[in-house]
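Undergrad: One structure is given below, represented as structure tokens, and several questions about it will come after.
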Amino acid sequence: MNQTMYAACKELVDDAKLRCADLVFKEICLEILAHAKNVLSDTQFRDLTLYAAEKMKEKSLCEAELPI
């Protein structure tokens, strides 16, 4: 069950990254992490936090420069 919750949290972060503007994405990540803290193990929460931080560093599709 715990592994399923961890995978679901990662999917929520990924989905938010694809669908939201950068500022909104960061707010959603904070909300996901706040709720995840209550259901994940300390190790899983740490891993999810690092995963979300890496996603925050990535440029969104809107910000990425497309070759002409």
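Every number here is computed from the coordinates shown, using simple stated rules; none is lab data. Bear in mind that the values here come from a model prediction, so they are computed numbers and not experimental data. Note that we place each Cβ from the backbone using ideal geometry, even for glycine, and neighbour counts take in every protein chain shown.
Undergrad: Does segment 36-61 hold any residues that are touching a residue at least 24 places away in the same chain (Cβ under 8 Å) and not polar (S, T, N, Q), and which are they?
TA: Within segment 36-61, 36, 39, 40, 47, 48, 51, 52, 55, 56, 58, 61 qualify.
Undergrad: Please determine whether any residue of segment 29-40 is outside any helix (DSSP H, G or I) and either polar (S, T, N, Q) or buried (at least 16 other Cβ atoms within 10 Å of the Cβ) (or both). Spell out how you get there, then give the answer.
TA: Initially, segment 29-40 is screened for residues outside any helix (DSSP H, G or I), giving 37-40.
When the remaining residues are screened for being either polar (S, T, N, Q) or buried (at least 16 other Cβ atoms within 10 Å of the Cβ) (or both), the result is 38, 40.
Among the residues of segment 29-40, at least one is outside any helix (DSSP H, G or I) and either polar (S, T, N, Q) or buried (at least 16 other Cβ atoms within 10 Å of the Cβ) (or both), which makes the answer yes.
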